[in-house]
Amino acid sequence: MSKVKKSEAEGTPLKFFGDWKYAPAPESKEHIRLKKQYGLFINGEFVQPKSKKYFDTINPATEEKIAEIAIADEKDVDLAVNAASKAYNNVWKKMHAKERAKYIYRIARMIQERARELAVIETMNGGKPIRESRDIDVPLAANHFFYYAGWADKLNYAFPNRTPQSLGVAGQIIPWNFPLLMAAWKIAPALAAGNTVVLKPAETTSLTALKLAEIIAESGLPEGVVNIVTGFGKTGAAIVQHPNVNKVAFTGSTDVGKIIQKAIAGTSKRVTLELGGKAANIVFDDAPIDQAVEGIVNGIFFNQGHVCCAGSRLLVQEGVADIVIRKLKERMETLIVGDPMDKNTDIGAINSKEQLKKIQQYITIGINEGAELYQSSCTLPNKGFFCKPTLFLNTSQSHRVVQEEIFGPVLAVQTFRTVEEAIEKANNIPYGLSAGIWTDKGSKIFNMTTKLRAGVVWANTYNKFDPTSPFGGYKESGFGREGGLHGLLPYLQL
Ligand code: ADP
(Lines give C-alpha, C1' and ligand atoms only; values in the text may rest on other atoms or scores of the structure.)
Protein backbone atom coordinates (compact mmCIF):
# COMPACT_ATOMS: atom_id res chain seq x y z
CA MET A 1 0.00 0.00 0.00
CA SER A 2 1.28 3.41 -0.88
CA LYS A 3 1.82 5.74 2.05
CA VAL A 4 0.87 8.72 -0.07
CA LYS A 5 -2.83 9.47 -0.21
CA LYS A 6 -4.34 10.00 -3.64
CA SER A 7 -5.63 13.41 -2.71
CA GLU A 8 -2.09 14.50 -1.81
CA ALA A 9 -0.75 13.33 -5.14
CA GLU A 10 -3.47 15.16 -7.00
CA GLY A 11 -3.52 18.22 -4.76
CA THR A 12 -2.91 21.80 -5.80
CA PRO A 13 0.55 22.33 -7.22
CA LEU A 14 3.24 23.33 -4.76
CA LYS A 15 4.21 26.99 -4.92
CA PHE A 16 7.58 27.78 -6.38
CA PHE A 17 9.28 30.97 -7.35
CA GLY A 18 9.12 30.50 -11.10
CA ASP A 19 8.84 34.21 -11.91
CA TRP A 20 11.26 35.37 -9.32
CA LYS A 21 14.72 35.96 -10.73
CA TYR A 22 17.98 35.78 -8.86
CA ALA A 23 20.33 38.73 -9.31
CA PRO A 24 23.33 37.73 -11.45
CA ALA A 25 26.26 36.46 -9.39
CA PRO A 26 29.08 35.96 -11.87
CA GLU A 27 32.38 34.53 -10.68
CA SER A 28 35.33 36.77 -11.49
CA LYS A 29 37.74 35.71 -14.21
CA GLU A 30 40.29 38.37 -13.37
CA HIS A 31 42.58 36.23 -11.26
CA ILE A 32 43.18 33.53 -13.85
CA ARG A 33 46.26 33.30 -16.02
CA LEU A 34 45.95 31.67 -19.42
CA LYS A 35 48.41 31.60 -22.28
CA LYS A 36 47.28 32.15 -25.85
CA GLN A 37 48.93 28.94 -26.94
CA TYR A 38 49.77 25.72 -25.10
CA GLY A 39 52.48 23.28 -26.14
CA LEU A 40 52.94 19.71 -24.94
CA PHE A 41 54.24 18.98 -21.45
CA ILE A 42 57.09 16.55 -22.07
CA ASN A 43 60.06 15.83 -19.82
CA GLY A 44 59.20 18.60 -17.37
CA GLU A 45 58.72 21.45 -19.84
CA PHE A 46 56.27 22.80 -22.37
CA VAL A 47 57.51 22.11 -25.90
CA GLN A 48 56.24 22.82 -29.39
CA PRO A 49 54.63 19.81 -31.06
CA LYS A 50 56.68 18.14 -33.82
CA SER A 51 53.47 18.22 -35.85
CA LYS A 52 53.55 22.06 -35.57
CA LYS A 53 49.75 21.82 -35.49
CA TYR A 54 47.36 23.44 -33.03
CA PHE A 55 43.59 23.58 -32.61
CA ASP A 56 41.33 26.11 -30.91
CA THR A 57 39.75 25.32 -27.60
CA ILE A 58 36.53 27.22 -26.97
CA ASN A 59 34.16 28.18 -24.21
CA PRO A 60 30.99 26.15 -24.95
CA ALA A 61 28.83 28.72 -23.15
CA THR A 62 29.93 31.60 -25.40
CA GLU A 63 31.51 29.81 -28.39
CA GLU A 64 34.53 32.11 -27.93
CA LYS A 65 38.06 30.89 -28.48
CA ILE A 66 40.08 30.62 -25.28
CA ALA A 67 43.46 29.32 -26.42
CA GLU A 68 45.30 27.20 -28.96
CA ILE A 69 46.19 23.65 -28.00
CA ALA A 70 48.96 21.54 -29.53
CA ILE A 71 48.18 18.37 -31.46
CA ALA A 72 50.60 15.60 -30.56
CA ASP A 73 51.40 13.16 -33.37
CA GLU A 74 53.15 9.78 -33.11
CA LYS A 75 56.60 11.44 -32.84
CA ASP A 76 55.44 13.61 -29.94
CA VAL A 77 53.86 10.66 -28.19
CA ASP A 78 57.09 8.73 -28.70
CA LEU A 79 59.06 11.55 -27.04
CA ALA A 80 56.60 11.63 -24.12
CA VAL A 81 56.66 7.86 -23.60
CA ASN A 82 60.46 7.77 -23.81
CA ALA A 83 60.68 10.60 -21.26
CA ALA A 84 58.34 8.64 -18.96
CA SER A 85 60.33 5.45 -19.51
CA LYS A 86 63.64 7.14 -18.71
CA ALA A 87 62.19 8.84 -15.64
CA TYR A 88 60.79 5.50 -14.46
CA ASN A 89 64.05 3.56 -14.80
CA ASN A 90 66.47 6.27 -13.69
CA VAL A 91 64.59 8.18 -11.01
CA TRP A 92 61.06 7.30 -9.92
CA LYS A 93 61.50 3.53 -9.48
CA LYS A 94 64.65 4.05 -7.45
CA MET A 95 63.29 6.82 -5.25
CA HIS A 96 62.25 5.95 -1.71
CA ALA A 97 58.45 5.67 -1.55
CA LYS A 98 58.40 8.27 1.25
CA GLU A 99 59.97 10.80 -1.12
CA ARG A 100 57.51 9.94 -3.85
CA ALA A 101 54.68 10.54 -1.37
CA LYS A 102 56.00 14.02 -0.62
CA TYR A 103 55.74 15.04 -4.27
CA ILE A 104 52.17 13.71 -4.55
CA TYR A 105 51.26 15.52 -1.35
CA ARG A 106 52.80 18.74 -2.68
CA ILE A 107 50.73 18.52 -5.87
CA ALA A 108 47.59 18.13 -3.71
CA ARG A 109 48.49 21.23 -1.72
CA MET A 110 49.17 23.24 -4.85
CA ILE A 111 45.81 22.25 -6.34
CA GLN A 112 44.21 23.55 -3.15
CA GLU A 113 46.17 26.78 -3.34
CA ARG A 114 45.11 27.36 -6.93
CA ALA A 115 41.60 25.99 -6.50
CA ARG A 116 39.79 29.16 -7.60
CA GLU A 117 41.80 29.52 -10.76
CA LEU A 118 41.33 25.84 -11.62
CA ALA A 119 37.58 25.99 -10.96
CA VAL A 120 37.10 29.02 -13.21
CA ILE A 121 39.13 27.50 -16.04
CA GLU A 122 37.27 24.20 -15.69
CA THR A 123 33.97 26.00 -16.07
CA MET A 124 35.17 28.21 -18.95
CA ASN A 125 36.47 25.27 -20.94
CA GLY A 126 33.93 22.57 -20.07
CA GLY A 127 30.67 24.46 -19.52
CA LYS A 128 29.82 23.02 -16.10
CA PRO A 129 28.42 25.40 -13.47
CA ILE A 130 31.08 27.14 -11.38
CA ARG A 131 29.37 25.75 -8.26
CA GLU A 132 30.15 22.23 -9.44
CA SER A 133 33.77 22.97 -10.40
CA ARG A 134 34.39 24.93 -7.21
CA ASP A 135 32.66 22.64 -4.72
CA ILE A 136 33.09 19.22 -6.28
CA ASP A 137 35.63 18.78 -9.08
CA VAL A 138 38.58 20.75 -7.74
CA PRO A 139 38.38 19.75 -4.04
CA LEU A 140 37.92 16.11 -5.02
CA ALA A 141 40.92 16.30 -7.37
CA ALA A 142 43.08 17.59 -4.49
CA ASN A 143 41.65 14.91 -2.18
CA HIS A 144 42.65 12.16 -4.59
CA PHE A 145 46.26 13.33 -4.52
CA PHE A 146 46.15 13.61 -0.72
CA TYR A 147 44.64 10.16 -0.37
CA TYR A 148 47.10 8.38 -2.65
CA ALA A 149 50.06 10.32 -1.20
CA GLY A 150 49.15 8.53 2.03
CA TRP A 151 49.39 5.08 0.44
CA ALA A 152 52.63 5.62 -1.51
CA ASP A 153 54.92 4.38 1.28
CA LYS A 154 52.43 1.90 2.74
CA LEU A 155 51.86 -0.44 -0.17
CA ASN A 156 53.12 -3.41 1.83
CA TYR A 157 50.42 -2.69 4.43
CA ALA A 158 47.79 -2.16 1.74
CA PHE A 159 48.52 -5.60 0.31
CA PRO A 160 49.92 -7.68 3.19
CA ASN A 161 51.97 -10.80 2.42
CA ARG A 162 52.35 -9.70 -1.20
CA THR A 163 55.18 -7.89 -2.97
CA PRO A 164 53.60 -4.88 -4.68
CA GLN A 165 55.68 -3.69 -7.62
CA SER A 166 55.14 -0.89 -10.10
CA LEU A 167 54.47 -1.62 -13.78
CA GLY A 168 56.38 1.10 -15.65
CA VAL A 169 54.78 3.68 -17.93
CA ALA A 170 51.03 4.23 -17.63
CA GLY A 171 49.26 5.65 -20.71
CA GLN A 172 46.12 7.41 -19.56
CA ILE A 173 43.31 8.76 -21.70
CA ILE A 174 40.49 10.77 -20.18
CA PRO A 175 37.15 12.28 -21.26
CA TRP A 176 35.72 15.78 -21.06
CA ASN A 177 33.12 15.48 -18.32
CA PHE A 178 35.44 15.81 -15.28
CA PRO A 179 38.67 17.02 -16.89
CA LEU A 180 40.77 17.81 -13.80
CA LEU A 181 39.18 15.20 -11.55
CA MET A 182 39.71 12.43 -14.11
CA ALA A 183 43.36 13.50 -14.45
CA ALA A 184 43.66 13.22 -10.64
CA TRP A 185 41.90 9.82 -10.60
CA LYS A 186 44.44 8.58 -13.11
CA ILE A 187 47.70 10.28 -12.13
CA ALA A 188 47.56 10.06 -8.30
CA PRO A 189 47.29 6.24 -7.94
CA ALA A 190 49.74 5.66 -10.82
CA LEU A 191 52.40 7.79 -9.10
CA ALA A 192 51.68 6.37 -5.66
CA ALA A 193 52.21 2.87 -7.04
CA GLY A 194 55.58 4.00 -8.45
CA ASN A 195 54.73 4.34 -12.14
CA THR A 196 55.34 7.22 -14.51
CA VAL A 197 52.64 8.71 -16.72
CA VAL A 198 51.69 9.93 -20.17
CA LEU A 199 48.22 11.46 -19.99
CA LYS A 200 45.97 12.75 -22.74
CA PRO A 201 43.03 14.98 -21.83
CA ALA A 202 39.95 15.14 -24.06
CA GLU A 203 40.18 17.48 -27.03
CA THR A 204 37.43 19.83 -25.83
CA THR A 205 38.77 20.22 -22.30
CA SER A 206 42.57 20.29 -22.23
CA LEU A 207 43.09 23.44 -20.19
CA THR A 208 42.93 22.25 -16.58
CA ALA A 209 45.19 19.28 -17.41
CA LEU A 210 47.67 21.80 -18.82
CA LYS A 211 47.32 23.95 -15.67
CA LEU A 212 48.00 20.77 -13.72
CA ALA A 213 51.14 20.38 -15.84
CA GLU A 214 52.21 23.86 -14.67
CA ILE A 215 51.56 22.82 -11.07
CA ILE A 216 53.53 19.61 -11.58
CA ALA A 217 56.45 21.58 -13.03
CA GLU A 218 56.35 24.01 -10.07
CA SER A 219 56.14 21.14 -7.59
CA GLY A 220 59.62 20.03 -8.61
CA LEU A 221 58.44 16.54 -9.56
CA PRO A 222 61.39 15.00 -11.44
CA GLU A 223 61.17 15.65 -15.16
CA GLY A 224 59.44 13.01 -17.25
CA VAL A 225 57.50 11.46 -14.34
CA VAL A 226 54.28 13.03 -15.66
CA ASN A 227 53.89 14.02 -19.31
CA ILE A 228 50.74 15.57 -20.71
CA VAL A 229 50.07 15.43 -24.43
CA THR A 230 47.05 16.96 -26.11
CA GLY A 231 45.21 16.12 -29.29
CA PHE A 232 42.40 14.03 -30.71
CA GLY A 233 41.64 10.30 -30.95
CA LYS A 234 44.76 9.66 -33.05
CA THR A 235 46.96 10.95 -30.23
CA GLY A 236 45.16 8.61 -27.82
CA ALA A 237 45.61 5.69 -30.21
CA ALA A 238 49.35 6.44 -30.47
CA ILE A 239 49.63 6.20 -26.66
CA VAL A 240 47.71 2.93 -26.57
CA GLN A 241 49.85 1.40 -29.31
CA HIS A 242 53.24 2.57 -28.09
CA PRO A 243 55.35 -0.50 -27.27
CA ASN A 244 56.87 1.08 -24.13
CA VAL A 245 53.50 1.76 -22.51
CA ASN A 246 52.97 -0.97 -19.92
CA LYS A 247 49.51 -0.07 -18.73
CA VAL A 248 46.55 1.67 -20.38
CA ALA A 249 43.87 3.39 -18.33
CA PHE A 250 40.94 4.74 -20.27
CA THR A 251 37.74 6.55 -19.35
CA GLY A 252 35.37 7.41 -22.18
CA SER A 253 32.85 5.92 -24.55
CA THR A 254 32.17 2.20 -24.84
CA ASP A 255 32.93 2.38 -28.57
CA VAL A 256 36.44 3.71 -28.04
CA GLY A 257 36.90 1.30 -25.11
CA LYS A 258 36.27 -1.58 -27.50
CA ILE A 259 38.78 -0.17 -30.03
CA ILE A 260 41.39 0.09 -27.27
CA GLN A 261 40.80 -3.44 -26.09
CA LYS A 262 41.24 -4.73 -29.64
CA ALA A 263 44.39 -2.63 -30.11
CA ILE A 264 46.14 -4.14 -27.09
CA ALA A 265 44.92 -7.72 -27.58
CA GLY A 266 47.90 -10.07 -27.70
CA THR A 267 50.26 -7.63 -25.92
CA SER A 268 51.34 -7.80 -22.29
CA LYS A 269 49.79 -4.38 -21.58
CA ARG A 270 47.48 -4.15 -18.63
CA VAL A 271 44.25 -2.24 -19.13
CA THR A 272 41.36 -0.71 -17.21
CA LEU A 273 38.32 0.71 -18.95
CA GLU A 274 35.71 2.97 -17.37
CA LEU A 275 33.02 3.33 -20.00
CA GLY A 276 29.41 4.37 -20.39
CA GLY A 277 26.45 4.00 -18.09
CA LYS A 278 22.67 4.15 -17.94
CA ALA A 279 21.97 4.13 -14.24
CA ALA A 280 18.55 3.58 -12.71
CA ASN A 281 17.47 5.73 -9.81
CA ILE A 282 14.88 3.50 -8.10
CA VAL A 283 12.25 5.19 -5.92
CA PHE A 284 10.10 2.95 -3.69
CA ASP A 285 6.76 4.02 -2.27
CA ASP A 286 8.24 4.25 1.24
CA ALA A 287 10.94 6.70 0.11
CA PRO A 288 11.29 10.25 1.48
CA ILE A 289 9.76 11.82 -1.63
CA ASP A 290 11.23 15.32 -1.45
CA GLN A 291 14.71 13.99 -0.85
CA ALA A 292 14.29 11.50 -3.66
CA VAL A 293 13.20 14.24 -6.08
CA GLU A 294 16.27 16.27 -5.13
CA GLY A 295 18.41 13.17 -5.64
CA ILE A 296 16.89 12.57 -9.09
CA VAL A 297 17.58 16.19 -10.06
CA ASN A 298 21.14 15.95 -8.73
CA GLY A 299 21.60 12.64 -10.52
CA ILE A 300 20.69 13.77 -14.02
CA PHE A 301 20.26 17.53 -14.35
CA PHE A 302 23.12 19.08 -12.39
CA ASN A 303 26.23 18.85 -14.51
CA GLN A 304 24.03 18.67 -17.67
CA GLY A 305 23.84 14.87 -17.37
CA HIS A 306 27.53 14.80 -18.36
CA VAL A 307 28.30 12.07 -15.86
CA CYS A 308 28.88 8.45 -16.86
CA CYS A 309 27.16 7.35 -13.65
CA ALA A 310 24.28 9.85 -14.12
CA GLY A 311 20.90 8.62 -12.91
CA SER A 312 19.53 8.80 -16.44
CA ARG A 313 16.66 6.39 -15.80
CA LEU A 314 14.03 6.84 -13.12
CA LEU A 315 12.21 3.74 -11.92
CA VAL A 316 9.39 4.80 -9.65
CA GLN A 317 6.96 2.53 -7.82
CA GLU A 318 3.42 2.90 -9.14
CA GLY A 319 1.84 4.10 -5.88
CA VAL A 320 4.04 7.21 -5.77
CA ALA A 321 4.63 7.73 -9.49
CA ASP A 322 2.14 10.61 -9.79
CA ILE A 323 3.45 12.61 -6.88
CA VAL A 324 7.10 12.00 -7.73
CA ILE A 325 6.60 13.08 -11.33
CA ARG A 326 4.56 16.12 -10.30
CA LYS A 327 7.19 17.25 -7.80
CA LEU A 328 9.94 16.53 -10.28
CA LYS A 329 8.29 18.72 -12.93
CA GLU A 330 7.88 21.51 -10.40
CA ARG A 331 11.50 21.26 -9.34
CA MET A 332 12.58 21.28 -12.98
CA GLU A 333 10.78 24.60 -13.42
CA THR A 334 12.99 26.14 -10.74
CA LEU A 335 16.28 24.96 -12.28
CA ILE A 336 18.35 27.80 -13.66
CA VAL A 337 19.85 27.01 -17.06
CA GLY A 338 22.44 29.40 -18.43
CA ASP A 339 25.78 31.09 -17.80
CA PRO A 340 27.94 28.45 -16.10
CA MET A 341 30.06 31.19 -14.55
CA ASP A 342 27.06 32.43 -12.54
CA LYS A 343 26.97 31.01 -9.02
CA ASN A 344 23.19 30.58 -9.22
CA THR A 345 23.27 28.40 -12.32
CA ASP A 346 22.17 24.79 -11.92
CA ILE A 347 22.60 23.58 -15.49
CA GLY A 348 25.44 25.00 -17.53
CA ALA A 349 26.48 24.52 -21.15
CA ILE A 350 26.63 21.25 -23.03
CA ASN A 351 30.29 20.50 -23.58
CA SER A 352 30.35 20.82 -27.38
CA LYS A 353 28.23 21.42 -30.45
CA GLU A 354 28.62 17.74 -31.41
CA GLN A 355 27.39 16.60 -28.00
CA LEU A 356 24.39 18.93 -28.16
CA LYS A 357 23.54 17.53 -31.59
CA LYS A 358 23.74 13.98 -30.22
CA ILE A 359 21.39 14.87 -27.34
CA GLN A 360 18.95 16.54 -29.74
CA GLN A 361 19.00 13.46 -31.94
CA TYR A 362 18.07 11.32 -28.94
CA ILE A 363 15.22 13.70 -28.08
CA THR A 364 13.86 13.16 -31.62
CA ILE A 365 14.36 9.40 -31.26
CA GLY A 366 12.39 9.40 -27.98
CA ILE A 367 9.51 11.32 -29.56
CA ASN A 368 9.46 8.99 -32.57
CA GLU A 369 9.46 5.96 -30.26
CA GLY A 370 6.24 7.25 -28.75
CA ALA A 371 7.52 8.40 -25.36
CA GLU A 372 5.90 11.50 -23.86
CA LEU A 373 8.24 14.51 -23.82
CA TYR A 374 8.32 17.07 -21.01
CA GLN A 375 10.75 19.97 -20.85
CA SER A 376 10.97 22.83 -18.40
CA SER A 377 9.73 26.17 -19.73
CA CYS A 378 13.04 28.00 -19.25
CA THR A 379 14.51 30.07 -22.07
CA LEU A 380 17.96 29.16 -23.30
CA PRO A 381 20.76 31.67 -24.00
CA ASN A 382 21.11 32.67 -27.67
CA LYS A 383 24.78 31.79 -27.83
CA GLY A 384 26.50 28.66 -26.68
CA PHE A 385 25.31 25.06 -26.43
CA PHE A 386 22.42 24.55 -24.03
CA CYS A 387 19.68 21.99 -23.47
CA LYS A 388 16.54 22.20 -21.36
CA PRO A 389 16.10 19.64 -18.61
CA THR A 390 14.03 16.93 -20.30
CA LEU A 391 11.82 14.03 -19.19
CA PHE A 392 10.60 11.12 -21.25
CA LEU A 393 7.47 9.64 -19.66
CA ASN A 394 5.66 6.45 -20.62
CA THR A 395 8.81 4.78 -21.86
CA SER A 396 9.22 1.06 -22.23
CA GLN A 397 12.29 -1.07 -21.62
CA SER A 398 13.00 -1.51 -25.33
CA HIS A 399 13.06 2.22 -26.10
CA ARG A 400 16.44 3.50 -27.19
CA VAL A 401 16.13 6.41 -24.74
CA VAL A 402 15.96 3.77 -21.99
CA GLN A 403 18.74 1.53 -23.31
CA GLU A 404 21.36 3.93 -24.67
CA GLU A 405 23.61 6.49 -23.02
CA ILE A 406 22.56 10.03 -24.00
CA PHE A 407 25.04 11.98 -21.86
CA GLY A 408 22.76 14.97 -21.48
CA PRO A 409 20.03 16.29 -19.15
CA VAL A 410 17.47 13.75 -20.37
CA LEU A 411 15.69 11.42 -17.95
CA ALA A 412 13.71 8.36 -19.07
CA VAL A 413 10.94 7.50 -16.61
CA GLN A 414 9.46 4.03 -16.03
CA THR A 415 7.23 2.64 -13.31
CA PHE A 416 7.31 -0.70 -11.48
CA ARG A 417 5.14 -2.62 -9.00
CA THR A 418 7.40 -5.09 -7.18
CA VAL A 419 11.00 -5.27 -6.04
CA GLU A 420 11.62 -8.05 -8.56
CA GLU A 421 10.31 -5.91 -11.41
CA ALA A 422 12.54 -3.00 -10.35
CA ILE A 423 15.62 -5.25 -10.32
CA GLU A 424 14.71 -6.79 -13.67
CA LYS A 425 14.22 -3.39 -15.30
CA ALA A 426 17.30 -1.84 -13.69
CA ASN A 427 19.55 -4.70 -14.86
CA ASN A 428 18.08 -5.20 -18.31
CA ILE A 429 20.44 -2.86 -20.21
CA PRO A 430 23.95 -3.29 -21.63
CA TYR A 431 25.56 -1.14 -18.93
CA GLY A 432 26.25 -1.64 -15.23
CA LEU A 433 28.04 1.34 -13.75
CA SER A 434 25.82 2.69 -11.01
CA ALA A 435 22.35 2.78 -9.47
CA GLY A 436 20.41 4.61 -6.77
CA ILE A 437 17.83 3.30 -4.30
CA TRP A 438 15.38 5.45 -2.36
CA THR A 439 13.55 3.69 0.47
CA ASP A 440 12.94 3.85 4.18
CA LYS A 441 13.96 0.22 4.70
CA GLY A 442 17.58 -0.78 5.25
CA SER A 443 16.72 -4.40 4.50
CA LYS A 444 15.35 -3.43 1.09
CA ILE A 445 18.56 -1.55 0.35
CA PHE A 446 20.75 -4.54 1.23
CA ASN A 447 18.54 -6.88 -0.77
CA MET A 448 18.73 -4.62 -3.82
CA THR A 449 22.48 -3.98 -3.64
CA THR A 450 23.24 -7.68 -3.92
CA LYS A 451 21.02 -8.05 -6.98
CA LEU A 452 21.75 -4.91 -8.95
CA ARG A 453 24.48 -5.44 -11.53
CA ALA A 454 26.09 -2.06 -10.94
CA GLY A 455 29.56 -1.17 -9.70
CA VAL A 456 28.30 1.60 -7.41
CA VAL A 457 24.94 1.68 -5.65
CA TRP A 458 23.94 4.79 -3.73
CA ALA A 459 21.21 4.54 -1.12
CA ASN A 460 19.07 7.59 -0.33
CA THR A 461 21.62 9.80 -2.01
CA TYR A 462 23.19 10.07 -5.46
CA ASN A 463 26.46 11.01 -7.18
CA LYS A 464 28.53 11.07 -4.02
CA PHE A 465 32.24 10.51 -4.47
CA ASP A 466 35.10 9.96 -2.11
CA PRO A 467 38.72 9.07 -2.86
CA THR A 468 38.58 6.15 -0.42
CA SER A 469 35.72 4.49 -2.24
CA PRO A 470 36.23 2.36 -5.38
CA PHE A 471 34.35 3.19 -8.58
CA GLY A 472 33.89 1.17 -11.78
CA GLY A 473 31.47 -0.95 -13.74
CA TYR A 474 30.19 -4.25 -15.02
CA LYS A 475 29.23 -5.37 -18.53
CA GLU A 476 29.66 -2.65 -21.17
CA SER A 477 30.53 -0.13 -18.47
CA GLY A 478 34.03 -1.60 -18.41
CA PHE A 479 36.25 -3.20 -15.80
CA GLY A 480 38.81 -2.28 -13.19
CA ARG A 481 38.24 0.04 -10.26
CA GLU A 482 39.43 3.55 -9.53
CA GLY A 483 39.55 5.07 -6.06
CA GLY A 484 40.31 3.44 -2.73
CA LEU A 485 42.73 0.58 -2.30
CA HIS A 486 41.16 -1.07 -5.35
CA GLY A 487 42.36 1.89 -7.40
CA LEU A 488 46.01 0.99 -6.70
CA LEU A 489 45.67 -2.56 -7.99
CA PRO A 490 45.61 -1.75 -11.72
CA TYR A 491 48.97 0.01 -11.29
CA LEU A 492 50.71 -2.79 -9.40
CA GLN A 493 51.98 -6.26 -9.88
CA LEU A 494 51.50 -8.13 -6.62
P1 ADP B 1 33.29 10.82 -25.33
O2 ADP B 1 32.20 10.18 -26.14
O3 ADP B 1 33.05 10.88 -23.89
O4 ADP B 1 33.86 12.06 -25.95
P5 ADP B 1 35.45 9.29 -26.35
O6 ADP B 1 35.59 7.87 -26.03
O7 ADP B 1 35.17 9.70 -27.75
O8 ADP B 1 34.42 9.81 -25.31
O9 ADP B 1 36.75 10.09 -25.89
C10 ADP B 1 37.39 9.88 -24.66
C11 ADP B 1 38.88 10.07 -24.86
O12 ADP B 1 39.37 9.07 -25.74
C13 ADP B 1 39.26 11.41 -25.47
O14 ADP B 1 40.44 11.86 -24.83
C15 ADP B 1 39.51 11.05 -26.92
O16 ADP B 1 40.39 11.93 -27.57
C17 ADP B 1 40.13 9.67 -26.79
N18 ADP B 1 40.03 8.82 -27.98
C19 ADP B 1 39.14 8.87 -29.00
N20 ADP B 1 39.36 7.89 -29.89
C21 ADP B 1 40.42 7.17 -29.44
C22 ADP B 1 41.14 6.01 -29.90
N23 ADP B 1 40.81 5.40 -31.01
N24 ADP B 1 42.17 5.56 -29.15
C25 ADP B 1 42.49 6.16 -27.99
N26 ADP B 1 41.88 7.24 -27.52
C27 ADP B 1 40.86 7.77 -28.21
The answer for ALA287, listing residues at least 5 apart or on another chain whose modeled amide H is closer than 5 Å to its amide H, is ASP440
Over all directions, the average projected area of the alpha-carbon convex hull for the range 51-184 comes to how many nm²?
9.7 nm²
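When only the heavy atoms of the protein chains count and the probe is 1.4 Å, how do PHE145, PHE302 rank by accessible area, highest first? Before the final figure, lay out each step's value.
Numbers: PHE145 0, PHE302 30 Å².
So, going from the largest accessible area down, we get PHE302, PHE145.
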Please turn the phi angles of the range 214-224 into ³J(HN,Hα) values with the Karplus equation 6.51 cos²θ - 1.76 cosθ + 1.60 (θ = phi - 60°), one per residue in order, whole Hz, x for glycine and proline.
4, 4, 4, 4, 5, 6, x, 3, x, 4, x
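Quick one: if you take sqrt(5λ) for each eigenvalue of the C-alpha gyration tensor of the chain, what semi-axes come out, biggest first, whole angstrom?
Values: eigenvalues 303, 133, 79 Å².
So the equivalent ellipsoid measures 39, 26, 20 Å along its semi-axes.
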Nearest 10, in degrees from 0 to 90: the angle of helix 138-151 to the longest Cα principal axis of the chain is 50 degrees
Determine how large the accessible area of GLU330 is when every protein chain is in place; take a 1.4 Å probe and give Å² rounded to the nearest 10.
20 Å²
Just to make sure I understand: if all protein chains stay in place, what is the order of ASP440, ASP339 by accessible area at 1.4 Å, largest first?
ASP440, ASP339
Of the listed links LYS211/LYS262; LYS86/LYS186; LYS102/LYS262; LYS29/LYS383, those spanning more than 30 angstrom between alpha carbons are LYS211/LYS262; LYS102/LYS262
Rounded to the nearest 500, what is the chain's calculated 222 nm mean residue ellipticity when only DSSP H runs of at least 4 contribute -39500 (n - 2.57) each, over all residues?
-11000 deg cm²/dmol
Nearest-ten-degree value, helix 74-87 long axis tilted from longest Cα axis of the chain:
70 degrees
VAL316 long-range amide H proximity, modeled H, under 5 Å:
VAL283, GLN414, THR415, PHE416
Cβ-placed point charges (K, R +1; D, E -1), dipole of the chain about Cα centre in debye, nearest 20:
1240 debye
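What number, in nm² with one decimal, is the all-direction average of the projected area of the convex hull of the alpha-carbon atoms of the range 264-346? Write down the numbers at each step before the final one.
On the way: hull surface 33.7 nm².
Here the figure is 8.4 nm², rounded to one decimal.
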Express in Å², to the nearest 10, the accessible area of LYS353 obtained by rolling a 1.4 Å probe over the protein heavy atoms while all chains stay in place.
130 Å²
Zero-based 10 Å bins, Cα pair distances in the range 280-459, whole percents:
10, 40, 36, 12, 1
Heavy atoms of the protein only, probe of 1.4 Å, neighbouring chains included. What is the accessible area of SER51 in Å², nearest 10?
30 Å²
Beta bridges per DSSP with both ends in the chain, % antiparallel, nearest 5
35 percent
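Please give the charge dipole size of the range 280-459, origin at the Cα centre, charges +1 on K and R Cβ atoms and -1 on D and E Cβ atoms. Round to the nearest 20 debye.
Rounded to the nearest 20 debye, it is 400 debye.
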Based on alpha-carbon centroids, what's the gap between the range 292-360 and the range 191-253 in Å, whole number please?
31 Å
Considering only protein heavy atoms, with the full assembly of protein chains and a 1.4 angstrom probe, order ILE174, ILE32 by accessible area, largest first.
ILE32, ILE174
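The values are calculated or read from the model by the stated rules, or taken from the named source; none is laboratory data. All values reported here derive from a predicted model rather than from experimental measurement. Ideal geometry is used to build each Cβ from the backbone, glycine not excepted, and the neighbour counts take in all protein chains shown. SASA here: full protein model, heavy atoms, side chains in, ligands and nucleic acids out. Shrake-Rupley method; radii C 1.70, N 1.55, O 1.52, S 1.80 Å.
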